[in-house]
Amino acid sequence: MQLSVKNYLSFLLLALLPIISFAQWLDDFKAHTAYLASDALKGRGTGSAEIKLAAAYIAEQFRQIGLQPQADGSYYQWFHVPDYTEKEANVIGIIPAAQPTDRSMVFTAHYDALGTSESGGEEDGIYNGARDNAVGVAALMELARQFMEEEGPRQHLVFIATAAEEIGTHGSRFYVENPVFPRDEITLCINIDGFNISGPRADYFVMPRQGVDFLDEIQSVAATLGWVYNPPDWIDGMNTNFDTASFLAKGIPAFTLWTGAQLIGGGQAEPIPFGRIHSPEDEINEHWNWEGVEAHLRLYKRIADYFLERPNGITVTDPQLFVHE
Ligand SMILES: [Zn+2]
């Protein structure tokens, strides 16, 4: 094949386009994370003025993506948190199903963190909540964007950036009591709390692995993308630690999915010295490696696509496991 200079240039451009747009996409993803985790938002504490800035940012992103607000025209679902004067808001964006249905699939990621404390030592006293969970909110918005680019889904999709998770999963509990679509028809809650910023990884695990009947199916789906299922035993102590518990305790299937430490091609990654979560150390720093983000997103998306098409429901076999003491 002969290529003229002009043809050659357009050929080159076409070949580069996916690289350019991927770079742009990753820049956007990083920018969402960086804004939410910035010192300006002072740790997105429940009751703070700054968490309202985070809520406004997420609502504006939902609007730009093309998600629909609730019936009252608002992206905010306000609720009262015990012992706080200020109301908090779940930020909710919807993609309606292509055909009439009452079924909905819910996607959650909490956007609150632990605010600020008196600074001590080298730290600035701001609990930035970067891994927990600014990056998860960025992932939630990106999943929403990907679904928006497709044909209308078979179920309603409800994307919820939940509030007041860190002080008692209040936002998700409020949603379960006040859902946009009937609670009995929520087929699944896919939760993002923490995300892979450790670089490319081969293995993953699902929380919970007890009290639900859909682990085998997730493993089959994940295997089609080459992922290795590798659950550590400590996850069984985390049954009530996430927004998922609000759903699971009511008998609604829900899960969170983390990646492990296996490297692609074999071997274990060395532990990465990220700052501790729930401390001022949880900031974006030089240890963050964004190369695993896209694969983690693709895994979540593939599983969501699978369960959206599944004709019959999956179940929570032991809701009691997820009831807070
Ligand atoms: Zn969290």
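For this structure, a couple of remarks:
- Length-normalised contact order of the chain in % [C-alpha pairs under 8 Å, at least 6 apart]: 19 percent
- Residues 106, 228 arranged by fewest to most Cβ contacts within 10 Å: 228, 106
- Exposure proxy ranking, count of Cβ atoms within 10 Å, fewest first, for 321, 9: 9, 321
- Among 210, 249, 9 - extreme Cα towards positive end, dipole of the chain, charges at beta-carbon: 9
- Evaluated with a Cβ-only charge set (Lys, Arg +1; Asp, Glu -1), the chain carries a dipole of roughly 1020 debye about its Cα centre, given to the nearest 20.
- Shape of region 1-158, Cα gyration tensor, a/c cut at 1.5: oblate
- Flagged links, alpha-carbon separation over 31 Å, of 30/250; 30/52; 30/301: 30/250
- Of 172, 84, 315, farthest towards positive along the dipole that unit charges on Lys, Arg, Asp, Glu beta carbons give region 5-322: 315
- For 63, 145, 131, order by how many other beta-carbon atoms lie within 10 Å, fewest first: 63, 145, 131
- Relative contact order for region 53-197: 32 percent, from Cα pairs under 8 Å spaced at least 6 residues apart, divided by residue count.
- Whole-angstrom Cα spans of region 5-322 along principal axes, big to small: 68, 55, 44
- For the chain, share of DSSP beta bridges that run antiparallel, in % to the nearest 5: 45 percent
- Region 178-322: radius of gyration over Cα atoms, expressed as a fraction of 2.2 N^0.38 Å: 1.09
- Each listed q (0.21 Å⁻¹) maps to a log10 I(q)/I(0) for region 1-76, found by the Debye formula over equal Cα scatterers with no solvent: -0.98.
- Candidates 167, 272, 58, ranked by Gaussian network fluctuation over the chain, Cα under 10 Å, top entry: 272
All of the numbers you see were taken from the coordinates with simple rules; none came from a lab. Nothing here was measured: the structure is a model prediction, and the numbers come from that model. When we count neighbours, we look across all protein chains shown, and the Cβ atoms used for this are built from the backbone with ideal geometry, even at glycine.
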